[in-house]
Amino acid sequence: MKRILFILSIVFTFYGVNAQTQQKENVFSSVPEVNGKVVFQQFIHTEGLNEDQSYALLYKWGKDNYAGNPLLSGIRFTEKEKSLTVSSKVELLLPENSDGVRQKMMMNYRFDANITNAGCVLVVRDVTYQSAQGKGSSFFPKLFAAEDMITDSAVSSTSNEQEFRNNLRKSTLFFLNELYNDLKKELTVSN
């Protein structure tokens with residue numbers, strides 16, 4: 001009986017550790033500003049891979065996720081620097097507000113992923129927002145900078161738009177964490 005309990009404890013311990021390693025990380029939980037601009041940065045360790053192997057995985061991930069995407073503005077692979085630069089947009093579905101409405105916003109963003117000898121540096125910058133185009137709206141949508149919408153000072157400064165800006169911030173951080181976890185999954189060697 002003791003052996004069975006011991007074996008079961010090992011199995012459940014292994015299962016618990018394995019489940020924890022596969023959980024998604026929330027590495028972006030705040031909105032950092034660098035020289036007055038919103039810039040999200042994170043490093044992904046790539047143990048067991050050399051730079052060429054990591055870049056090959058990054059290249060494949062970039063092609064699979066962005067090539068042919070109708071919301072893509074631009075994509076550039078630089079083999080010499082082992083980097084990927086993407087300019088794209090995504091439609092964010094915001095959390096339900098106090099009126100029970102889930103608003104949509106388009107988020108424009110640019111990110112760079114650069115391979116180093118120890119991993120990949122992910123930098124997301126140039127984040128702007130535009131509201132969904134409605135009937136009778138201007139052909140040229142109005143853009144709002146992340147600095148004016150999701151920073152601590154922007155969220156706390158306006159009372160009438162505080163809930164909206166807070167929800168926009170939550171959706172932005174959720175998307176960025178998904179982006180990070182997707183790229184990390186691609187660059188992680190499973191043993």
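Need one number for the range 21-77: average projected area of the convex hull over its C-alpha atoms, nm². Before the final figure, lay out the partial values.
Values: hull surface 25.1 nm².
For the range 21-77, the mean projected area of the Cα convex hull comes to 6.3 nm².
With the alpha-carbon atoms of the range 141-189 aligned to their principal axes, the span from lowest to highest coordinate is 47, 23, 14 Å, starting with the largest. Checked against a 18 Å cut-off, the cross-linked pairs LYS60/LYS80; LYS37/LYS184; LYS63/LYS104; LYS37/LYS185 give Cα-Cα distances beyond that limit for LYS37/LYS184; LYS63/LYS104; LYS37/LYS185. When ARG110, ARG165, ARG76 are arranged by Cβ crowding within 10 Å, least crowded first, meaning fewest neighbours, the order is ARG76, ARG110, ARG165. May I ask for the percentage of alpha-carbon pairs in the range 45-110 that lie more than 18 Å from each other? Beyond 18 Å sits 53 percent of the P(r) for the range 45-110. Per-residue Karplus couplings for the range 172-188, computed as 6.51 cos²θ - 1.76 cosθ + 1.60 with θ equal to phi - 60°, are listed in order as 5, 5, 4, 4, 5, 5, 5, 4, 4, 5, 5, 5, 4, 4, 5, 8, 9 Hz, Gly and Pro entered as x.
In the calculated pair-distance distribution of the range 48-191, the portion above 28 angstrom amounts to 29 percent of the Cα-Cα pairs. Backbone geometry of the range 102-108 corresponds, through the Karplus equation with coefficients 6.51, -1.76 and 1.60 at θ = phi - 60°, to 3J(HN,Hα) couplings of 9, 7, 10, 9, 8, 10, 8 Hz, x marking Gly and Pro.
Just so you know, all these numbers are worked out from the coordinates, no wet-lab data involved. All figures in this text were calculated on a predicted structure; none of them were measured in a lab. Don't worry about glycine lacking a Cβ; one is built from the backbone with ideal geometry, like all the others, and counts go over all protein chains shown.
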